[in-house]
Amino acid sequence: TAGKDYLIAADNDGRLQITDRRGRTRIQVSAQFRKSANSGVYENATNSKGIFLMASAEGKLAYVDATGKTSESDFGNFGTDPFFQYLDFDKDGTPDFIFGGKDRIVVFNRMKKMIGEINMKNADFGKPFISGSADRLAYLAVRDKKSGKVIVMNGKGKLITTGKLTSEADPVLIPTGKNNQHILVSISAGQPVITPVE
C-alpha cells in the first residue's frame, strides 16, 4: 500500500508487529494495543484515520496510522476478542464492518448504519462463514454451538429460513454459479448435509 510493503503479525496476546519484507520495523505500534484474536487486519478503504483497520481485543474498531498511532471507534458491545471482517457485504461498492461476539452478529455500513443483524439470546456463535463474489449478493452463515442451529443472512440483511437445520460443525457456503444460488454444507451424524440457499 502507498508504494510500500507491510508484513503484519500478531503474537498470542494480540500485540502487533509491522515490518518490511526484510523483517525491519516499518511501523512501531504501542505495546499496550491488542488486536482481537478473532479479527483479520485490513487495508483501510473507508477513511483517512489510518492505513490499517481491525477489531481491538476490547471490541472496538481500531485504526493504525503510518506513525503507529492507534485510534478507535465504538460499534457497540461485542465482548472480548470479537470476530471482525471488513468487506463489501451489501455490494454497494464500499467495504462494510462485520462484528460478531456474545450472542449477536451485526453488519454495519461505512456510516455505522446497520445493514443486518443475527441476534439469539444466550447463543454461543461459532465463526461466521461469508461467501460472495465481487458482483453477487453475499451470504453469511453461522451456527449456535449450544443448539447447533444454523442461521443464514443475505447481503441485504434478510434472514434466510433454514427451518430446524442444525450442524455439528460450523457450516460453509459454496456458490454454484447459477443465479447467485449457494449450497450450505452442514454436518449431521458425522455426514455432510447439502441445503440449497437462494
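The values are calculated or read from the model by the stated rules, or taken from the named source; none is laboratory data. As the structure is a computational prediction, the values presented were derived from the model and not from experiment. All Cβ positions, glycine included, derive from the backbone under ideal geometry; neighbour counts span all protein chains shown. Surface accessibility is based on the protein's heavy atoms, side chains included, excluding ligands, DNA and RNA. Shrake-Rupley method; radii C 1.70, N 1.55, O 1.52, S 1.80 Å.
Packing-wise, with mean Cβ within 10 Å as the measure, how do 4-14, 75-85 rank, highest first?
75-85, 4-14
Straight distance only, please: which aspartates and glutamates reach the Cα of Lys146 with their own Cα at less than 18 Å, same-chain residues fewer than 8 apart left out?
Asp103, Asp124, Glu168, Asp170
Using the Cα centre as the reference, give the magnitude of the dipole from point charges on the C-beta atoms of region 19-95 (Lys, Arg: +1; Asp, Glu: -1; all else neutral), rounded to the nearest 20 debye.
500
Please tell me the relative contact order of the chain in percent, rounded to the nearest whole number, where contacts are Cα pairs under 8 Å and at least six residues apart.
Relative contact order, the chain: 10 percent.
To make sure I understand the rule: partners must be aspartates and glutamates, Cα under 18 Å from the Cα of Lys113, and not fewer than 8 residues away in the same chain. Which ones qualify?
Result set, ordered by chain and number: Glu72, Asp74, Asp88, Asp90, Asp92, Asp96.
Considering only protein heavy atoms, with the full assembly of protein chains and a 1.4 angstrom probe, order Val106, Val193 by accessible area, largest first.
Val193, Val106
Place a +1 charge on the Cβ of each Lys and Arg in the chain and a -1 charge on the Cβ of each Asp and Glu, then give the dipole magnitude about the Cα centre in debye, rounded to the nearest 20.
So the dipole magnitude of the chain works out to roughly 60 debye.
Leaving ligands, DNA and RNA out of it, work out the accessible area of Lys49 with a 1.4 Å probe and give it in Å² to the nearest 10.
Accessible surface of Lys49 is approximately 110 Å².
So, with a 1.4 angstrom probe, what is the percent of accessible area on the chain that is carbon and sulfur?
47
Just tell me which lysines come within less than 25 Å, Cα to Cα, of Lys112; anything on the same chain fewer than 8 places away is out.
Lys112 reaches Lys35, Lys49, Lys60, Lys69, Lys91, Lys102, Lys121, Lys127, Lys156, Lys158.
Fully extended, how many nm does the chain gain between Lys113 and Lys145 (0.36 nm per residue separation, minus their Cα-Cα distance)?
My answer for the length gained is 8.7 nm.
Please work out how much accessible surface Lys113 shows to a 1.4 Å probe, ignoring ligands, DNA and RNA, in Å² rounded to 10.
Accessible surface of Lys113 is approximately 140 Å².
How do Asp90, Asp144 stack up against each other in accessible area, from largest to smallest, with a 1.4 angstrom probe?
I get Asp90, Asp144, largest accessible area first.
If you work out P(r) over Cα pairs in 10 Å bins from 0, in percent from the coordinates, which of [x] 10, 39, 37, 12, 1; [y] 8, 30, 36, 19, 6, 1; [z] 9, 33, 32, 20, 6, 0 do you get?
So the structure-derived entry is [z].
Suppose a student asked you for the relative contact order of region 1-114, using Cα pairs under 8 Å spaced at least 6 residues apart; what percent would you report?
Normalised by residue count, the contact order of region 1-114 is 17 percent.
Give me the one-decimal nm value for the distance between modelled label points at Ser188 and Thr25, 7 Å along each residue's Cα-to-Cβ direction.
It is 5.5 nm.
With charges set only on the Cβ (+1 for Lys and Arg, -1 for Asp and Glu), what does the dipole of region 1-64 come to about its Cα centre, in debye to the nearest 20?
160
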